[in-house]
Amino acid sequence: MSILMISRRKIFPTSSWAAGCRLLFPVAFQGPSASISQLPSVQTPKSLPEPYRTLACPSFCRPGLHSPANRFEASIKGVSKVCRFSSQALDGLPVFRTVDVLLAQTGEGIAECELLKWFVKEGEEVEEFQPICEVQSDKATIEITSRYKGKVSRLLYVPGDIVKVGETLLKLLVDEFEEGTPVSGLTEEHLAKPELVDSQLDKSKGIGVLSTPAVRNLAKQYDIDINDVRGTGTDGRILKDDILQYAVKKGIIEEQRVSSAPSPKEQLVESENYPNAQDEVRWSYEDKKVQLRGYQRAMVKSMTISAKVPHFHYVEEINCDGLVELKACFQENTTEPDVKHTFLPLLIKSLSMAMSKYPMVNSCFNEESFEVTLKGSHNIGIAMATPNGLVVPNIKSVQSLSVLEITKELSRLQRLAMDNKLSPVDVSGGTITLSNIGAIGGKFGSPLLNLPEVAIIAMGRIKKVPQITEDGDVYPASIMTINIGADHRVLDGATVSKFCNEWKRFIENPDLLILHMR
């Protein structure tokens, strides 16, 4: 006997049934089909033919449960089958519906994200608002939370996959029933043709297929319905080899691609046939394609656009002797041992003070309207090299922050960047960018603009070099080389030169920096 879950509205839309699971009792009568009017109004357990008599229960044999409205008759292969079912919801049997959890819009202009990792597994219970996965867009890393409470039915992607906004990330089984929602999709046609019921039930088993997300992803790549694959693993689990063998059987791939790669020992034996092989081993080196992800994708887009903008570069050398002394003084007299003082916060603060005199450097350009917007806040971006690529978070409103506050905010952004935890707020709204290539190495570089900003500055390493006075005396000096990249549609050489001189004045004379600091 089969126990079928059906939706009442699918069969009798005019009847008002209680929502829930129904038990279907198929009773077979040999001989010609009996009409509904010939059937008894009440069917007692004794009148049920074997083997269904033991399944009858007094709790289900109540007057009215077997009225013509609650019976459905179908003739199959000359045998009349009358299906009787209860209109009472069965307590204790939950009704589940499958809910698709979609990748929502994570930010303006974001069309796709990379799945970094799952926080849940198939078969695991999920609470409402619980984080289920972590994704990375062009701008930031974001945690996706669940809107529902239920059980994870199926994970549709594996870490590293690119998921478009609006696509289904996973499927949840939710313990609730909505009026008019079909549970199993069974109709009168399925009852009249049991073979359709079996087919429908077999397809519904796909939710419970034992396989890993990687195997499902492989089946998806070859456009294979995983329900059609027979698993050879424990408890019928579908393995990678099962997918590949099925693909060969269907002619999707060639058999040579399925064969496993030779072991190192086999490679060594094979290499003996090549006497000219170096080091007595003949290795085969193959090209490898690497898919760009996250920040690297963002860099491709932004730099491609930036390369179309007319740039010019202005190079200058700055004496940092006074900056070196001020930084050492901060480090010796700090009241917060956990704070590490570097040159960068002082350079950021002095840059903000120079921009106050030359606001055109702190602007953005709209090419369509030929408008330049002078930004009120000095949101100075810092280019950071991370294991996940180049990212440029920015420190907001530098003109209103102290050097100590800039130091702490810079430390916070660096920590989040290395952990790939920067928020969209941290990486948006920048007005000018600093690239501290000297922290890695190099004298100076020629940076490209981070549009829509109109200026970017690359700073080299501070090095001790010999300098000559007007009298011909030689002395050591801490020199830093900078290179300012500017948008020539907005800025000209004179403006950039004057701005650089102002910034240089504050760096070479830290006492002026303190004097004019607000």
Given the criterion open to solvent by less than 20 Å² (accessible area, probe 1.4 Å), free of Cβ contacts under 8 Å to residues at least 60 places away in the same chain, touching a helix residue (DSSP H, G or I) at 6+ places or on another chain (Cβ under 9 Å) and of a type outside the set (Ser, Thr, Tyr), identify the matching residue among ILE382, ILE406. ILE382
May I ask you to say which residue of TYR246, TYR274 is more than 18 Å from GLY123 (Cα to Cα) and modelled with pLDDT of 85 or more? TYR246
Quick check on SER356: is it assigned by the TED database to the domain that holds ILE440, of a type in the set (Ser, Thr, Tyr) and over 23 Å from GLY107 (Cα atoms)? yes
Name every residue in segment 320-339 that is loosely packed, with under 14 Cβ neighbours inside 10 Å and either at pLDDT 85 or above or part of a helix (DSSP H, G or I) (or both), in order of residue number. GLU325, ALA328, CYS329, GLN331, GLU332
Give the residues of segment 469-503 that are in contact (Cβ under 8 Å) with a residue 12 or more places away in the chain and farther than 17 Å from ILE456 by Cβ, sorted by residue number. PRO476, ALA477, SER478, ILE479, LYS498, GLU502
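For (1) surrounded by 13 or more Cβ atoms within 10 Å (Cβ to Cβ); (2) of a type outside the set (A, V, I, L, M); (3) in a strand (DSSP E or B), each residue gets a yes or a no:
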residue	(1), (2), (3)
LEU422	yes, no, no
GLY441	no, yes, no
LEU448	yes, no, no
VAL465	no, no, yes
LEU491	yes, no, no
ILE507	yes, no, no
Picking from ASP511, ASP492, ASP473, which residue would you name as being under 43 Å from the mean Cα position of the chain (by Cα) and in the same structural domain as LEU351 (by the TED database)? ASP492
Subset of segment 424-438 (residues that are at pLDDT below 90 and open to solvent by less than 20 Å² (accessible area, probe 1.4 Å)): GLY438
Restricting segment 298-319 to residues that are open to solvent by 80 Å² or more (accessible area, probe 1.4 Å) and not in a helix (DSSP H, G or I), the one nearest to LEU448 (Cα to Cα) turns out to be LYS308
Would you be able to say whether some residue in segment 389-396 is in contact (Cβ under 8 Å) with a residue 40 or more places away in the chain, touching a strand residue (DSSP E or B) at 6+ places or on another chain (Cβ under 8 Å) and surrounded by fewer than 22 Cβ atoms within 10 Å (Cβ to Cβ)? yes
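The values are calculated or read from the model by the stated rules, or taken from the named source; none is laboratory data. All values derive from a computational prediction rather than experimental measurement. Glycine gets a Cβ as well: all are built from the backbone with ideal geometry, and neighbour counts include every protein chain shown. Note: accessible area is taken over every heavy atom of the protein model, side chains too, but ligands, DNA and RNA are not part of it. Shrake-Rupley method; radii C 1.70, N 1.55, O 1.52, S 1.80 Å.
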